Amino acid sequence: MSSVQQSRRFAQVDVFSSKPLRGNPVAVVVDGDGISDDDMAAFARWTNLSETTFIQSPTDPAADYRLRIFTPGGELPFAGHPTLGSAHAWLAAGGSPRGANVVQECGVGLVTIRRDGDRLAFAAPPLRRSGPVDDALVDEVLPSLGLSREHVRAAEWIDNGPPWFVLELDSAERVLSARPDLAALGPHDVGLLGRYESGHPDDPDVEFEVRGLAGGEAVGEDPVTGSLNAGIAVWLRSNGRVGASYVASQGTAVQRSGRVHIDDDGEHIWVGGQSTTVISGTVDL
């Protein structure tokens, strides 16, 4: 059943970059109440972005708003850059949190978003699935990435809503040299991770290069991926592989310059970045 069409506030926000057009865009319908599931899905297919979101009245009294998140292929229970971009749009539209932090209700429950200077950061949700990836699955996806087993240091499930698993490669340069065949990758959502052993050539703050290949979500290569980086951070911190704070670069392979800031305060792992509104106005939905 279609919803009643009306003019609704809308923003398209670039996330995880201080420079517009260099991060990952998300389409945000600020006035998302009263839109049917079918119409939300249709609008997400029409925008053809990796995610389109709809801000709605919360059903949980502890939340400031409810967020519905759609890819062109369907709804997600959680995603990182839509969370930050939607919070940015909600605040810019006059939203005021009940407490010090913004609390978002979504498919994985309540997600806390804090304001940290000119960055917003969400608390990484717990992993719904963790542990090593079966060798058979690793062997299945490697040819579609142009990689060999000798390039892989570790393979780990980091499912926190989207069903990501990550392949840690032997260097950041190896991550950038991968040539994925997304059609051959099939339904799998695969992250690639590599460390800059000698430092990033242009940004001394960057420690890792990340790529997100979302074959399972009809997205292709995602420019900058909050959920993937959140899962990676939970995994790396759990085994003491990184310090309390680090910065990851993502999007280089698709001509973006995303920066994801990770901070562990001892209670939460925060995943943050800058956001910029590039388009604002209304949509008729």
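The values are calculated or read from the model by the stated rules, or taken from the named source; none is laboratory data. The structure displayed is predicted, hence computed values, not measured ones. Note: ideal-geometry Cβ built from the backbone for every residue, glycine included; neighbour counts use all protein chains shown. When the accessible area is computed, the model is the full protein with side chains, heavy atoms only, and any ligands, DNA or RNA have been set aside. Shrake-Rupley method; radii C 1.70, N 1.55, O 1.52, S 1.80 Å.
In square nanometres, what is the average projected area of the Cα convex hull of the range 42-172?
Details: hull surface 40.9 nm².
The Cα convex hull of the range 42-172, projected and averaged over all directions, gives 10.2 nm².
The trypsin sites (Lys or Arg not before Pro) of the range 206-285 that DSSP puts in a loop, and whose beta carbon has at most 16 other beta carbons within 10 Å, are 241. Here the gap between residue 171 and residue 197, fully extended at 0.36 nm per residue and compared with their Cα-Cα distance, gives a gain of 8.6 nm.
Between residue 129 and residue 241, the distance separating the two model label sites (each 7 Å from Cα on the Cα→Cβ line) works out to 1.8 nm.
What is the extension gain from residue 46 to residue 60, computed as 0.36 nm multiplied by their sequence separation minus the C-alpha to C-alpha distance, in nm to one decimal? Please list the in-between numbers first.
On the way: separation 14, 0.36 × 14 = 5.04 nm, distance 2.98 nm.
Separation in residues times 0.36 nm, less the Cα-Cα distance, equals 2.1 nm.
Here the simple spin-label model places points 7 Å from the Cα toward Cβ, and for residue 279 and residue 267 these points are separated by 3.9 nm. Heavy-atom accessible surface of residue 81, to the nearest 10 Å², is about 0 Å², with a 1.4 Å probe and all protein chains retained.
Considering only protein heavy atoms and a probe of 1.4 Å, how much of the accessible area of the chain is carbon and sulfur, as a whole percent?
Values: 5440 of 11770 Å².
After summing per-atom areas, the C and S share lands at 46 percent.
Available extension along the chain between residue 149 and residue 184 is 10.9 nm, counting 0.36 nm per residue and deducting the alpha carbon span.
Can you tell me what the convex hull of the Cα atoms of the range 84-135 projects to on average, as an area in nm²? Before the final figure, lay out the partial values.
Values: hull surface 20.7 nm².
Mean projected area of the Cα convex hull: 5.2 nm².
Kindly list the residues of the range 118-146 that lie in the label zone of residue 159, defined by a backbone N under 18 Å from the point 7 Å along the Cα-to-C-beta vector. From the range 118-146, the list is 125-141. Just to be sure I understand, if you calculate Cα Rg over 2.2 N^0.38 Å for this structure, which of (i) 1.02; (ii) 1.07; (iii) 0.96 do you get? Recomputing Cα Rg over 2.2 N^0.38 Å here gives the entry labelled (iii).
The spacing between the range 1-44 and the range 185-243, judged by their C-alpha centroids, is 25 Å.
Compared with the rule-of-thumb size 2.2 N^0.38 Å for a compact globular protein, the range 155-285 has a Cα radius of gyration ratio of 1.08.
Please calculate how many Å² of accessible area the chain carries per residue, with a 1.4 Å probe and no DNA, RNA or ligand atoms counted. Ligands and nucleic acids excluded, the figure is 41 Å² per residue.
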